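These notes are about the structure you will find just below.
Values quoted throughout were computed directly from the atomic coordinates according to the rules given, and no laboratory measurement underlies them. Bear in mind the structure is a predicted one, so any value in this text is a computation, not a measurement. So basically every Cβ, Gly included, is an ideal-geometry build from the backbone, and we count neighbours across all protein chains shown.
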Amino acid sequence: MSALLTVTDLCVTFRDEGGEVPAVEGVSFALNPGETLAIVGESSSGKSVTALALMRLLGQSPGVNVSGRAMLGDVDLMTLPERKMAEIRGRDLAMIFQEPMTSLNPVHRVGNQIAEGLLVHERITRRAAMKHATALLAQVGIPEPAVRARAFPHQLSGGMRQRVMIAMALACRPRVLIADEPTTALDVTVQAQILDLIRTLQRDTGMSVLFITHNLGVVAEIADHVLVMYSGQVVEAAPTSELLRRPLMPYSRGLMGSVPLLEHVRHRGQARLIAIPGAIPDPRVRPPHCTFAPRCTHMRPDPCKRARPNLEPATAEHAVRCARWREIAV
Amino acid sequence: MSATTLTAAPRRRISPALRRLVRHRLAMFGLLILVLLVLACAIGPSLVPYGPLAVDLRHRFQPPFAGPHLLGSDPLGRDQFIRLLLAGRISLLVGFFAMALSTVTGVFVGLAAGFYGGWFGAALMRLVDAALCFPAVFLLLTLAAMVSPGVLTITLIVALTSWMEVARVVEGLVRSLRERDYVVAAKAIGVSDAHLMLRELLPNVMAPIVVAATLNVARAILLESYVSYLGYGIQPPTPSWGNMLNNAQQYLDTAPWLAILPGAAITLAVTGFNFLGDGLRDALDPRMELRP
């Protein structure tokens, strides 16, 4: 199966007073048609910047430098002229944002906001676009869609707004949907509904999903493949079941240890979370060796503090960036 | 939530502001003055039995309420009332169109500068700063001295000296709104820059624009009066409040009503717009919602 979206060596740097700040360093992945790829990592690991770079929504502010290739079919998103890129945004490549509370324009009725994408990309009358918007609202599970289409964003709850955002993103049946933490701002029951919705829509439309999250529970629910990111780099890449069963990189294990599980409460009588000590290094002063070494329980000065490890294949499908993965594997 | 509350709901966004405006006594007073002024200037002239240029030499310098001319007459015996009303038409029209022109110009400059930023935005805003450096009245007089004065040219000139503040307000707001999630989200569905500016950003900066525009009318009326008073504006025999004041100044001790009446008209109109502008500013300020 040939990949729909192939990203090769994507790098993003921001320039500030102190010089170049690398946010994303050489991210590569391939997303197959109909598949879901999750990018996991804690805050400031470069997940959202990767998404925004793919949408080419970073470019406006000066000092941003994006390099690498991102082939969607046979066009390179990174070198496309802005006008062509605008045609692709929303039509082939759509995005759901993290904050449903702020991602809708407060002065427009939600129906109009959904119809907008259709009006931009398709030869369609406003009336037909509105009808389609109402149908989309029904499709994302909003009751009384015709009434809600006339509501303003502030009249809807967070879950409803996120559904509206999804309807907006799906309006033109994109081939790739980028979902940047679409459930983070929502409470757990609504989260489950939204995940379910994305899965159902994916089954119905056959689109590919690039799912960005810091929640491994969500990953287990939805993803076929996982990319673990740490401080701007991919540190582990594997099929979901493989990664969950046999995480090789200490950071991935740490992430899994910090997922709260009800079973822990049941077996031990109290919930104990295993936190990863320390914090992600400041991108301005990333260590020249393994960036996770300062927080890693398996760290040995040799080889961990000698050089930056490469992303090497552990099996055909499983890649890991750790100098000691063979020794520490369980 | 039932369907009925939702169908009624979309109105609620506008009504709190409107309610605050209606409760604002000064604003309503200003609005009342303006409505009366506009009605009087629009309908009044057809009810007065004299023409604005009809000379009546038997009733020169007639004081108000003391003869056939309701509000008195001028040195040529022309009826003061109809001249006031027609002058009002001119002044209000100049005020309104100068406001419209300056607001539209200011909005476009501000939108473009705030949205694109960079050297383009900086260049536009330095142009605004430069335009703000000229004292408006002197700029007005210089320009008026160079072109032949008339209603159209005065409107253009007044507009030319009052678009900068709107531009600055809009630029500042757009620059802060441009990075908002909903703007990025709109961009992510593939809309054009023009769409982003006019449909996503502009509606969100309407409130301060409306306030600035209202205050701009007052300012434009005042500026037109200055220039006409100094003789460079609307030329006699066409009456304007400013040039009526100009005619009146040599008879200030013998026929003070000639100056008092147009002066009062200017004061009324300017105060009316200022009151309304202040009221709009208070009503459209969302923070007012938090106060009791």
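Mind checking the range A:211-245 for GluC sites (Glu not before Pro) that DSSP puts in a loop (not H, G, I, E or B) and that have at most 11 other Cβ atoms within 10 Å? Passing sites in the range A:211-245 do not exist. Loop-located trypsin sites (Lys or Arg not before Pro) in the range A:127-202 (DSSP state other than H, G, I, E, B) with a sparse environment of at most 14 neighbouring Cβ atoms within 10 Å are absent. The equivalent ellipsoid of the protein assembly as shown has semi-axes of 67, 26, 21 Å, largest first, where each one is the square root of 5 times an eigenvalue of the Cα gyration tensor. Partners of A:Lys84 within straight-line reach, counting aspartates and glutamates whose Cα lies under 19 Å from its Cα and excluding those fewer than 8 residues away in the same chain: A:Asp74, A:Asp76, A:Asp92, A:Glu116, A:Glu122, B:Asp193.
Between B:Tyr50, A:Ala223, B:Leu143, the Cα set farthest toward the positive side of the dipole of the protein assembly as shown (charges on each charged residue's Cβ, about the Cα centre) is that of A:Ala223. Once amide H atoms are built 1.01 Å from N in the peptide plane, which residues 5 or more positions from A:Val226, or in another chain, come under 5 Å H to H? Sorted by chain and number, the residues that satisfy this are A:Ala38, A:Ala238, A:Thr240. Only Lys, Arg, Asp and Glu carry charge here, each on its Cβ (+1 for the first two, -1 for the last two); on that basis the protein assembly as shown has a dipole of about 940 debye about its Cα centre. Straightening the chain between A:Glu17 and A:Ser258 buys 83.2 nm, computed as 0.36 nm per residue apart minus the Cα-Cα spacing. Computed from the C-beta positions of B:Ser192 and A:Arg199, the FRET efficiency with R₀ = 45 Å rounds to 0.85.
Couplings 3J(HN,Hα) for the range B:245-254, derived from phi with the Karplus relation 6.51 cos²θ - 1.76 cosθ + 1.60 (θ = phi - 60°), are 5, 4, 4, 7, 5, 7, 10, 4, 8, 8 Hz, where x marks Gly and Pro. Computed from backbone phi with θ = phi - 60° and the Karplus coefficients 6.51, -1.76 and 1.60, the 3J(HN,Hα) list for the range A:204-218 is 6, 9, x, 7, 9, 10, 9, 10, 9, 7, 10, 10, 5, x, 5 Hz; x is used for glycine and proline. Inter-label distance, A:Lys131 to A:Ser2: 3.7 nm, where each label sits 7 Å from its Cα along the C-beta direction. Backbone amide hydrogens, once placed in the peptide plane, bring B:Arg78 within less than 5 Å of B:Asp56, excluding anything fewer than 5 places away on its chain. Between B:Arg126 and A:Ala316, what FRET efficiency comes out of the Förster formula 1/(1 + (r/R0)^6) with R0 = 60 Å and r the beta carbon distance, rounded to 0.05? Working from the Cβ atoms, E equals 0.50.
With runs of 4+ DSSP H residues as the only contributors, calculate the mean residue ellipticity of the protein assembly as shown at 222 nm using -39,500 (n - 2.57) per run, divided by the residue total and rounded to the nearest 500. The helix contribution divided over the protein assembly as shown gives -15000 deg cm²/dmol.
Kirkwood-type hydrodynamic radius, chain B: 21.4 Å, calculated from all non-identical alpha-carbon pairs.
Got a sec? Charge dipole of the protein assembly as shown, +1 on Cβ for Lys and Arg, -1 for Asp and Glu; which of B:Ala194, A:Ala149, B:Gly72 is way out at the positive end? Towards the positive end, the residue furthest out is A:Ala149.
Taking amide H as placed 1.01 Å from N in the peptide plane, the amide H of A:Gly68 sits under 5 Å from that of A:Cys11, each at least 5 places away or on another chain. The dipole here belongs to the range A:169-246: it is taken about the Cα centre, uses +1 on the Cβ of Lys and Arg and -1 on the Cβ of Asp and Glu, and is about 240 debye. Taking the Cα centre of chain A as reference, the dipole from Cβ charges on Lys and Arg (+1) and Asp and Glu (-1) amounts to some 360 debye.
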